[in-house]
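Enquirer: So that we are looking at the same thing, I have put the structure below in structure tokens.
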Amino acid sequence: MQSIPVDPTRFLSDLHTLRQFGGDTASKGVRRRALTEADIAARDWLAGRMAEAGLTPQFDPVGNLFGLVDGPSLLIGSHSDTQPEGGWLDGALGVIAALEIARAAREAGGPAISAVSFQDEEGRFGALTGSSVWSGKLPLDAADRLTAIDGTGFAEARGQLGARAGDFVDPTRFTGFLEMHIEQGPVLHMAGEAAGVVTGIVGLRQLQVTVQGQQNHAGTTPMAHRRDAFTVAARIATALPDRFANIVTPQSVWTIGHIRLHPGSQSVVPGRAEFSLQWRDIDPDRLDRMEAAIMALLRDTAADTGCEISVDRLRHDLAPMPMDAGLQAALSQAAEAVAPGRWRAMPSGALHDASNLAGLMPVGMLFVPSIGGISHAFEEDTDEADLVTGLDVLAKAASLITR
Ligand code: HGY
Ligand code: MN
Ligand code: MN
């Protein structure tokens, strides 16, 4: 089967170079939050590698970085920003695989392949912010009102791009989108398999919940007289499993990932607790039922405790998104050719920029194994042989798709 003649050594070398930007000294992990100095420096390096590969680098107004070929092309890519304590492969793998395949395609005289690194996939400001704005799902003025946990505004942060920022790239120039990504879960690694052809990406919803109790003295306030905002927040967190019992499946997930107590002093009963509550599922109807259960729980808790409980939608909803059947077929054919019998079709419990592009063009995703299923942590890793296998599958699939 014909493929694009990729260079695994060059691919791995670029992957390890990208890891240096914001690299942790004691692990392979990375700190490269969206639009920080490390992120922008990494994108400047990437733009240089794109130019050396004969692609035309173009930053758009929100920091998405494209490596373009003239005319219609298949777009391949992911994101190069990370979580606060990120793994070296989350996003970066798909960006460097895109660079290598686009570069090798140009060296071979075709097919026409462009590359992209989207901005703020990891939600320092919103959720999949760069691809949400680019795909038209999030208006730029709404994105500019987003703020990071440290109070930095998105408008202020993207202003650091300075003269780099060009126009938005027209999505209609692309014939489809492929994203390779680490699985970030345990399935492939536990099964000893090399590749996952993604069938669909979960939907996500997220609320910012504020519990307003009564700030008070930690020594003189009897327990029965307290309206302790943290205790009420904890009560909500521990009540969720029961409220979800008849709604969720083993694939449904919910997370309280960030909580802030006011005033945050050891000798003060916290008067206010603000926490994020995120839930995900592949079924939109189940997302609705989970939301109804959450709102009922918040109402009941407010009535029982006398605390005021309010919610804000932290980010725009992300609907569950099926992957294109044709691209799934090409990825499956390529996986069977490269790793016969060592691949599977599977859903994605993680979000990806591919979700945002699915409404604009045919979209497909490919997973490679995560050792121990660990991700969003410095320990995230994948055997280099599996990285190269993934690159070979992706290159073959790209060759099939563009034939
Ligand atoms: O949260 C996610 O699923 C993605 O990895 N940012
Ligand atoms: Mn990612
Ligand atoms: Mn991630």
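Enquirer: Identify the residue in the range 21-44 that is assigned to a helix (DSSP H, G or I) and not β-branched (Val, Ile, Thr) and, among all such residues, is most open to solvent (accessible area, probe 1.4 Å).
Expert: Step by step, filter the range 21-44, then rank; the result is Glu37.
Enquirer: Follow-up. Return the residues of the range 373-389 that are touching a helix residue (DSSP H, G or I) at 6+ places or on another chain (Cβ under 7 Å) and outside any loop (DSSP other than H, G, I, E, B); say none if nothing qualifies.
Expert: Within the range 373-389, Gly373, Glu384, Leu387, Val388, Thr389 qualify.
Enquirer: Right, another one. List every residue pair whose Cβ atoms lie under 8 Å apart, where the two residues are 6 or more positions apart in sequence or sit on different chains, the first residue falls within the range 16-27 and is basic (Lys, Arg), and the second residue, located anywhere, is modelled with pLDDT of 95 or more.
Expert: Pairs found: Arg19/Val30; Arg19/Trp88; Arg19/Ala92.
Enquirer: So, one more: Being modelled with pLDDT under 95 and under 27 Å from the mean Cα position of the chain (by Cα), is that true of even one residue in the range 236-251?
Expert: The answer is yes, given that some residue of the range 236-251 is modelled with pLDDT under 95 and under 27 Å from the mean Cα position of the chain (by Cα).
Enquirer: Can you give me the ranges of the strands (runs of 3 or more DSSP E) entirely in the range 216-290 with at least 3 residues that are open to solvent by less than 60 Å² (accessible area, probe 1.4 Å) and under 20 Å from Ser348 (Cα atoms)?
Expert: Strands (runs of 3 or more DSSP E) meeting the threshold: 272-281.
Enquirer: Of the residues Asp386, Asp392, which single one is of a type outside the set (S, T, N, Q), away from ligand 1 (no atom under 16 Å from the Cβ), open to solvent by 30 Å² or more (accessible area, probe 1.4 Å) and under 22 Å from Ser80 (Cα atoms)?
Expert: Selected residue: Asp392, the only one of Asp386, Asp392 that is of a type outside the set (S, T, N, Q), away from ligand 1 (no atom under 16 Å from the Cβ), open to solvent by 30 Å² or more (accessible area, probe 1.4 Å) and under 22 Å from Ser80 (Cα atoms).
Enquirer: Kindly check whether there is at least one residue in the range 148-155 that is under 30 Å from Ser370 (Cα atoms) and touching a strand residue (DSSP E or B) at 6+ places or on another chain (Cβ under 6 Å).
Expert: No: zero hits.
Enquirer: Keeping to the range 345-364, report how many residues are within 15 Å of ligand 2 (Cβ to nearest atom) and either open to solvent by 10 Å² or more (accessible area, probe 1.4 Å) or within 17 Å of Pro186 (Cα to Cα) (or both).
Expert: Final tally of qualifying residues: 4.
Enquirer: Which condition does Leu18 not pass, out of (1) surrounded by 20 or more Cβ atoms within 10 Å (Cβ to Cβ); (2) touching a Gly at 6+ places or on another chain (Cβ under 6 Å), if it passes all the others?
Expert: (2)
Enquirer: Which residue is farthest from ligand 1 (Cβ to nearest atom), if the candidates are limited to the range 90-122 and must be on the phi > 0 side of the Ramachandran plot and out of contact with any strand residue (DSSP E or B) (no Cβ under 9 Å at 6 or more places or on another chain)?
Expert: Here the residue is Gly109.
Enquirer: Also, quick follow-up: Hey, among the residues in the range 45-55 that are loosely packed, with under 14 Cβ neighbours inside 10 Å and touching a helix residue (DSSP H, G or I) at 6+ places or on another chain (Cβ under 9 Å), which one's farthest from Arg106 (Cα to Cα)?
Expert: Glu52
Enquirer: Report yes if some residue within the range 161-173 is under 27 Å from Met361 (Cα atoms) and aliphatic (A, V, I, L, M); otherwise report no.
Expert: The answer is yes, given that some residue of the range 161-173 is under 27 Å from Met361 (Cα atoms) and aliphatic (A, V, I, L, M).
Enquirer: So, one more: Select from the range 306-320 the residues that are of a type in the set (A, V, I, L, M, F, W, C) and either open to solvent by 40 Å² or more (accessible area, probe 1.4 Å) or farther than 15 Å from Ser348 by Cα (or both) and list them in ascending order.
Expert: The answer is Cys307, Ile309, Val311, Leu314, Ala319.
Enquirer: Any residue at all in the range 301-318 that's within 16 Å of ligand 2 (Cβ to nearest atom), closer than 23 Å to Phe177 by Cα, assigned to a strand (DSSP E or B) and touching a Phe, Trp or Tyr at 6+ places or on another chain (Cβ under 7 Å)?
Expert: no
Enquirer: Just to be sure before I move on: is Val211 in contact (Cβ under 8 Å) with a residue 60 or more places away in the chain and either surrounded by 14 or more Cβ atoms within 10 Å (Cβ to Cβ) or out of contact with any helix residue (DSSP H, G or I) (no Cβ under 9 Å at 6 or more places or on another chain) (or both) in the structure I sent?
Expert: Answer is yes for this residue.
Enquirer: Next question. Where residues in the range 190-204 are in a strand (DSSP E or B) and under 14 Å from the mean Cα position of the chain (by Cα), which of them is surrounded by the most Cβ atoms within 10 Å (Cβ to Cβ)?
Expert: For the range 190-204, the residue satisfying everything is Ile201.
The values are calculated or read from the model by the stated rules, or taken from the named source; none is laboratory data. In this text the structure is predicted, and so the values were computed from the model without any measurement. All Cβ positions, glycine included, derive from the backbone under ideal geometry; neighbour counts span all protein chains shown. These area figures cover heavy atoms from the full protein model, side chains too; ligands, DNA and RNA do not enter into them. Shrake-Rupley method; radii C 1.70, N 1.55, O 1.52, S 1.80 Å.
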